[in-house]
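Input: a single structure, listed below in structure tokens.
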Amino acid sequence: MKQFITFVKKEFAHVFRDRKTLLMLFGLPVVQIVLFGFALTNEIKHADIAVVDNARDMASEQIILKMEGSSFFHVRKMVMDPGQTEEVFRQGKTKLVVIFPSNFYNDLLHYNKARIQIVADASDPNTATTLVAYITAIVNDYQASLPGGGPLPYAIVPEVRMLYNPDLKGAPNFVPGVMALVLLLVCVMMTSISIVREKELGTMEVLLVSPFKPILVILAKAVPYLVLSMVNLAVILLLSVYALDLPIRGSVILLFMESTLLIITALSLGLLISTVTESQQSAMFLSMMGMMLPTIMLSGYMFPIENMPKILQVISNVVPAKWYYIMVKAIMLKGLGFSYIWKETLILGGMTLFFLFISLRNFKIRLQ
Amino acid sequence: MSETKEVLIHADKLSKHFGDFVAVDEISFDVYKGEIFGFLGANGAGKTTAMRMLCGLSTPSSGQATVAGLDVYRKPEQIKKNIGYMSQKFSLYEDLTVMENIRFFAGIYGLSDKQIKEKSANLVGRLGLEKEAKKLVAGLPLGWKQKLSLSVALLHEPKIVFLDEPTGGVDPVTRKQFWDMIYEAAESGTTVFVTTHYLDEAEYCNRISIMVDGKIEALDSPEGLRKTYSAKNMDEVFYQLARKATRQAD
């Protein structure tokens with residue numbers, strides 16, 4: 001045990017002496033969270049929209065007031081001919097134009113039917129769809145507030161609720177993704193590099209000739225990265241709770257336990273990579289290609305798996321991050337307990353055992 | 001040398017095959033306590049493979065061997081406690097300080113805190129590295145690194161120390177100092193098993209075995225070898241034997 005502690009101390013010394021890597025390890029998640037959280041979001045805030053109010057009556061003004069009151073829009077009132085709308089879009093900033101016809105309120109009162117024209121810049125289809133949905137919601141909202149509940153006595157208004165993420169925020173989706181990515185990156189890459197480095201330097205031979213058990217070499221190497229990843233995880237969660245206002249609805253303990261499972265998966269993958277590579281470069285390359293890309297592409301956090309071709313859907317099942325992502329979303333966003341995610345836990349656990357088995361067997365062969 | 005003739009390493013028809021390739025071909029020899037035993041041969045002659053089998057890094061394909069009286073097949077773990085090893089590559093951690101390296105290797109050999117403290121202070125003093133003790137090993141000149149490596153390999157007072165081409169790339173002066181350290185170790189009772197391809201170093205050994213194509217072609221004291229092959233120096237002995245080699249260096 002004392003020997004083990006000596007070894008762990010040495011591993012920590014390696015980690016802390018390599019300032020650049022350390023900075024990367026802790027800088028990366030923070031930068032990613034901040035970037036995704038504030039810059040690269042696909043939610044809409046203060047979108048520029050233009051309103052052409054040809055009616056200037058009570059109804060149109062109230063609807064415009066509601067739009068201005070919402071944080072989604074930045075409303076500009078304009079006067080223009082119907083043919084000029086395209087001109088407005090060409091300038092680039094305006095995402096959507098709302099046109100109220102003259103006699104808007106009048107039509108509404110007397111014909112029980114009034115029209116609003118909504119023209120959206122659909123060169124960015126996602127934004128356009130979302131904006132139109134918001135505007136429609138505001139109009140429906142106004143309609144409902146009219147005395148008598150609107151012009152049609154039996155109007156059926158479908159009421160859509162965005163469950164778990166009512167504001168369609170981007171953060172709930174990418175925080176679990178970033179967590180998976182960072183944990184995998186740190187553990188897979190760092191473990192494999194640190195083991196391969198010993199091979200490259202020739203110190204591994206010296207360790208193997210010593211009475212220190214090879215299995216302990218691996219365990220001792222895993223400890224610092226396990227600790228670092230836990231710290232990283234805490235930083236990410238704190239950032240997402242306090243900087244991005246993203247609540248953790250489920251059990252934090254469960255979240256950490258599932259994350260530990262992923263970390264162990266990653267460590268065993270790192271070990272596996274270290275048994276098949278001889279140089280630090282190839283270990284790094286393999287971790288990058290083998291972990292980063294599938295995690296980003298196939299875990300479901302950037303691109304929905306349901307929309308992928310069948311073959312990719314099948315492949316995505318072997319990406320550990322996919323299962324972790326599902327579990328984290330269940331815990332963080334839906335507040336579900338273990339009984340809902342035991343299957344995913346089992347799958348991830350099985351993968352871990354599999355990787356561990358293969359890599360330990362390979363590691364033994366290496367000694368011969 | 002060997003007043004008691006206690007056998008510390010015994011090899012009997014020891015072989016190692018890698019597929020069809022026979023790296024070590026039925027070598028047999030004994031190494032006695034306190035002896036400096038040289039393993040001489042061209043690159044690819046099988047020196048390192050032979051040494052790795054004795055250290056427990058590699059399992060022999062056939063033959064018998066004991067190290068410190070322990071069987072290499074059945075008791076590799078106990079053998080590890082009795083041997084020190086210095087590999088071809090420089091094998092200390094460059095990003096740790098001199099002191100940290102010493103403490104680490106002493107630590108994994110299970111020395112007590114008190115022993116570690118005493119020995120590391122002693123070692124640093126002996127090598128004259130007091131000023132460098134807290135500096136990173138990366139900054140030391142190669143010669144000092146090698147001397148430090150050897151001292152670290154001897155730290156747990158092993159019965160046998162295996163040195164695999166320990167003086168590669170080191171200047172002649174440092175090499176001489178290095179050999180002084182080897183003699184010191186041998187005098188204090190440690191058996192030294194050293195591989196080399198420097199012919200002048202062979203003269204420093206008590207006995208040498210010359211390996212050609214995986215076989216031991218000659219085994220005697222330097223003096224004895226010179227007589228047998230009626231040669232002026234080790235160079236001539238070696239070239240007479242090595243001329244027979246058919247294997248390409250790796």
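The values are calculated or read from the model by the stated rules, or taken from the named source; none is laboratory data. Predicted, not measured: the structure shown is a model, and the values here were computed from it. Please note: Cβ atoms are built from the backbone with ideal geometry, for glycine as well, and neighbour counts cover all protein chains shown. Surface areas here come from the heavy atoms of the whole protein model, side chains and all, with no ligands, DNA or RNA. Shrake-Rupley method; radii C 1.70, N 1.55, O 1.52, S 1.80 Å.
Assorted remarks:
- A:Val276, sole failed condition from (1) under 22 Å from A:Leu353 (Cβ atoms); (2) of a type outside the set (S, T, N, Q); (3) touching a Phe, Trp or Tyr at 6+ places or on another chain (Cβ under 7 Å): (3)
Rundown of residues vs (1) away from chain B (no Cβ under 14 Å); (2) open to solvent by 50 Å² or more (accessible area, probe 1.4 Å); (3) in contact with a helix residue (DSSP H, G or I) (Cβ under 9 Å, 6 or more places away or on another chain), yes/no style:
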{"residue": "A:Val15", "(1), (2), (3)": "no, no, yes"}
{"residue": "A:Arg19", "(1), (2), (3)": "no, yes, no"}
{"residue": "A:Asp53", "(1), (2), (3)": "yes, no, yes"}
{"residue": "A:Ile63", "(1), (2), (3)": "yes, no, yes"}
{"residue": "A:Ser70", "(1), (2), (3)": "yes, no, yes"}
{"residue": "A:Val75", "(1), (2), (3)": "yes, no, yes"}
{"residue": "A:Asp81", "(1), (2), (3)": "yes, yes, no"}
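- Only a single criterion out of (1) surrounded by fewer than 20 Cβ atoms within 10 Å (Cβ to Cβ); (2) charged (D, E, K, R); (3) under 12 Å from B:Ile216 (Cα atoms) is not satisfied by B:Lys47, namely (1).
- Of the criteria (1) closer than 27 Å to A:Leu336 by Cβ; (2) over 15 Å from the mean Cα position of the chain (by Cα); (3) among the polar types (S, T, N, Q), which one A:Thr277 fails: (1)
- Scanning the range B:131-159 for residues that are under 30 Å from B:Ala68 (Cα atoms), out of contact with any helix residue (DSSP H, G or I) (no Cβ under 7 Å at 6 or more places or on another chain) and either assigned to a helix (DSSP H, G or I) or of a type in the set (Ser, Thr, Tyr) (or both) returns B:Trp144, B:Ser149, B:Ala153.
- Screening the candidates B:Lys80, B:Lys75, B:Lys145, B:Lys47 for the property of being within 9 Å of chain A (Cβ to nearest Cβ), of a type in the set (Lys, Arg) and under 22 Å from the mean Cα position of the chain (by Cα) yields one hit, B:Lys80.
- Pair list, Cβ < 6 Å and 6+ apart or interchain, from the range A:34-51 residues that are open to solvent by 70 Å² or more (accessible area, probe 1.4 Å) to residues that are at pLDDT below 80: A:Asn42/A:Gly170
- Condition met for B:Asp95 (of a type in the set (Asp, Glu), surrounded by fewer than 22 Cβ atoms within 10 Å (Cβ to Cβ), over 30 Å from B:Asp25 (Cβ atoms) and within 7 Å of chain A (Cβ to nearest Cβ)): yes
- Looking across the range B:98-110, the residues that are in contact (Cβ under 8 Å) with a residue 40 or more places away in the chain and more than 8 Å from chain A (Cβ to nearest Cβ) come down to B:Val98, B:Asn101, B:Ile102, B:Ala106.
- Qualifying residue in the range B:155-163 (condition: among the basic types (Lys, Arg), surrounded by fewer than 18 Cβ atoms within 10 Å (Cβ to Cβ) and closer than 21 Å to B:Phe39 by Cβ): no
- Listed by first and then second residue, the pairs linking a residue in the range A:115-135 that is in a strand (DSSP E or B) to a residue that is among the acidic types (Asp, Glu) and open to solvent by 50 Å² or more (accessible area, probe 1.4 Å), with Cβ atoms under 9 Å apart and 6 or more places separating them unless they lie on different chains, are A:Val119/A:Glu86.
- Output for the range B:215-250, where each listed residue is under 13 Å from B:Ala42 (Cα atoms), outside any helix (DSSP H, G or I) and out of contact with any Ser or Thr (no Cβ under 8 Å at 6 or more places or on another chain): B:Lys215, B:Glu217, B:Arg243, B:Lys244, B:Ala245, B:Thr246, B:Arg247, B:Gln248, B:Ala249, B:Asp250
- Enumeration of residues in the range B:226-245 that are open to solvent by 40 Å² or more (accessible area, probe 1.4 Å) and touching a residue at least 40 places away in the same chain (Cβ under 8 Å): B:Ala245
- Enumeration of residues in the range A:222-245 that are free of Cβ contacts under 8 Å to residues at least 12 places away in the same chain and small (Gly, Ala, Ser): A:Ala234
- Any hit, the range B:170-183, residues being in a loop (DSSP other than H, G, I, E, B) and touching a strand residue (DSSP E or B) at 6+ places or on another chain (Cβ under 9 Å): no
- Of the residues making up the range A:186-234, those that are assigned to a loop (DSSP other than H, G, I, E, B) and open to solvent by 10 Å² or more (accessible area, probe 1.4 Å) are A:Pro211, A:Lys213.
- The sole residue among A:Ser282, A:Ser287 that is more than 24 Å from A:Glu258 (Cα to Cα), open to solvent by less than 60 Å² (accessible area, probe 1.4 Å) and part of a helix (DSSP H, G or I) is A:Ser282.
- Restricting the range B:164-197 to residues that are under 18 Å from B:Phe90 (Cβ atoms) and open to solvent by 70 Å² or more (accessible area, probe 1.4 Å) leaves a set whose member that is modelled with the lowest pLDDT is B:His197.
- Flag for B:Asp200 being free of Cβ contacts under 8 Å to residues at least 12 places away in the same chain and assigned to a helix (DSSP H, G or I): no
- Any hit, the range A:25-33, residues being within 14 Å of chain B (Cβ to nearest Cβ) and surrounded by 14 or more Cβ atoms within 10 Å (Cβ to Cβ): no
Each row is one residue, and each column tells you yes or no for (1) within 14 Å of chain A (Cβ to nearest Cβ); (2) open to solvent by less than 40 Å² (accessible area, probe 1.4 Å); (3) closer than 30 Å to A:Arg197 by Cα.
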{"site": "B:Phe29", "(1), (2), (3)": "no, yes, no"}
{"site": "B:Phe39", "(1), (2), (3)": "no, yes, yes"}
{"site": "B:Arg52", "(1), (2), (3)": "yes, no, yes"}
{"site": "B:Ser61", "(1), (2), (3)": "yes, no, yes"}
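- Residue in the range A:96-113 that is more than 20 Å from A:Asn54 (Cα to Cα) and open to solvent by 40 Å² or more (accessible area, probe 1.4 Å) present: no
- Scope the range A:83-95; condition out of contact with any strand residue (DSSP E or B) (no Cβ under 6 Å at 6 or more places or on another chain) and surrounded by 12 or more Cβ atoms within 10 Å (Cβ to Cβ); matching residues: A:Gln84, A:Phe89
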